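Beneath this line is the structure, given in structure tokens, with notes to follow.
The values are calculated or read from the model by the stated rules, or taken from the named source; none is laboratory data. Small disclaimer: the values here were computed from a predicted structure and weren't measured. In this analysis, Cβ positions are derived from the backbone assuming ideal geometry, glycine residues included, and neighbour counts consider all displayed protein chains. Just so you know, the surface numbers come from the protein's heavy atoms only, side chains and all, with ligands and any DNA or RNA stripped out. Shrake-Rupley method; radii C 1.70, N 1.55, O 1.52, S 1.80 Å.
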Amino acid sequence: MLIDAHCHLTGNYQKDTDTANILSRAMTANVAGMIAVGTDLEDSKELLELAKKYTNIRLSLGIHPHEAKTWMPDTDRGLIELFSSPLALFVGETGLDWHYDLSSREQQENVFRNQIRLAKTINKPLMVHTRSAPTATIKILEEEGASQVGGIIHCFTEGVDFAKRAVGLGFYISFSGILTFPKNNELIKEAAMWVPEDRLLVETDAPFLAPIPHRGKHNEPAYVTYTAKCLADLRGCDFSRIEIATTNNLEALCGWRPEENSELT
């Protein structure tokens, strides 16, 4: 079985509200579970209510760098309340996005630091987003002692050097459908071949970044199988080895393993 280590099922980033069918297609594709991700406080609240209805969804709750401008003095308290649920396993996604800059860089950095501190307070791993800000991302993770909790560098788009520093801080590297694209991803492929087997994860980042052969379409957790197959091909191993490794790795990181062949209801 596979687990989608990062997807969006609610909020501004997910327009398909037919969750039951999304999860049914995932089950058919032998995707036994998923980590669904909140992007702001209200989305995280909505996501928690959704996850209560489905046994094979676990959560990462937090403030996306795009939404850093929504952080208020009481936001951390609101997040802490949500983490009283055993369904909430990760803090984030948090990090830096200096490609779109939808929140100011100062806001992004402050909110990133706040969520690292929150993760350390509640002893939960981080779900980290980084785009066009590799040096600053690593610097903040190091300065804030993120190695204390570790986590996931999601939708990995950097090279081997970044991967080495992230792994050295106790992070796992999660590859998305970008890995399957035929062009402009050589650095990512090199990293995918380098990352130690016990630090590999796969994800969709649905509804974005649908892998080949669905590129340009609405992505969903069932499609994580294409990324896993591409990863197996790059590393010259059997697909089953990637299935086993990535499932075991997620369990080692957050303590959760979905029941194989159970219904996603």
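Worth a mention:
- Residue 38 open to solvent by less than 10 Å² (accessible area, probe 1.4 Å) and on the phi > 0 side of the Ramachandran plot: no
- Taking (1) of a type outside the set (Gly, Ala, Ser); (2) under 17 Å from the mean Cα position of the chain (by Cα); (3) outside any helix (DSSP H, G or I); (4) more than 30 Å from residue 85 (Cα to Cα) in turn, residue 184 satisfies each apart from (2).
- Pairs, first in contact (Cβ under 8 Å) with a residue 60 or more places away in the chain and more than 11 Å from residue 125 (Cβ to Cβ) in the stretch 144-164, second open to solvent by 20 Å² or more (accessible area, probe 1.4 Å) and β-branched (Val, Ile, Thr), C-beta under 8 Å, six or more apart: 155/178
- The stretch 186-203, residues that are open to solvent by less than 80 Å² (accessible area, probe 1.4 Å), charged (D, E, K, R) and out of contact with any Ser or Thr (no Cβ under 6 Å at 6 or more places or on another chain): 189, 197, 199
- Looking only at the stretch 216-233, and only at residues there that are assigned to a helix (DSSP H, G or I) and under 22 Å from residue 11 (Cβ atoms), the one that is most open to solvent (accessible area, probe 1.4 Å): 223
- Count of residues meeting criterion [surrounded by fewer than 16 Cβ atoms within 10 Å (Cβ to Cβ) and farther than 26 Å from residue 55 by Cα] in the stretch 114-131: 2
- Tabulated pairs, the stretch 101-126, first part of a helix (DSSP H, G or I), second surrounded by fewer than 24 Cβ atoms within 10 Å (Cβ to Cβ) and polar (S, T, N, Q), C-beta under 7 angstrom, 6+ apart or interchain: 120/148
- The listed residue being open to solvent by less than 20 Å² (accessible area, probe 1.4 Å) and within 22 Å of residue 257 (Cα to Cα), out of 50, 23: 23
Yes or no, residue by residue, for (1) over 24 Å from residue 54 (Cα atoms); (2) at pLDDT below 95; (3) open to solvent by less than 20 Å² (accessible area, probe 1.4 Å):
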position	(1), (2), (3)
184	yes, yes, no
205	no, no, yes
214	yes, no, no
238	yes, no, no
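- Test: residue in the stretch 245-259 that is out of contact with any helix residue (DSSP H, G or I) (no Cβ under 9 Å at 6 or more places or on another chain), more than 16 Å from residue 175 (Cα to Cα), modelled with pLDDT under 95 and part of a loop (DSSP other than H, G, I, E, B): yes
- Flag if residue 79 is open to solvent by less than 50 Å² (accessible area, probe 1.4 Å), part of a helix (DSSP H, G or I) and over 25 Å from residue 217 (Cα atoms): yes
- For the stretch 37-76, the tally of residues that are over 19 Å from residue 254 (Cβ atoms) and either of a type in the set (Phe, Trp, Tyr) or assigned to a strand (DSSP E or B) (or both) stands at 1.
Results for (1) surrounded by fewer than 18 Cβ atoms within 10 Å (Cβ to Cβ); (2) without any contact (Cβ under 8 Å) to a residue 40 or more places away in the chain, shown as yes or no for each residue.
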{"residue": "17", "(1), (2)": "yes, yes"}
{"residue": "28", "(1), (2)": "yes, no"}
{"residue": "62", "(1), (2)": "no, no"}
{"residue": "92", "(1), (2)": "no, no"}
{"residue": "97", "(1), (2)": "no, yes"}
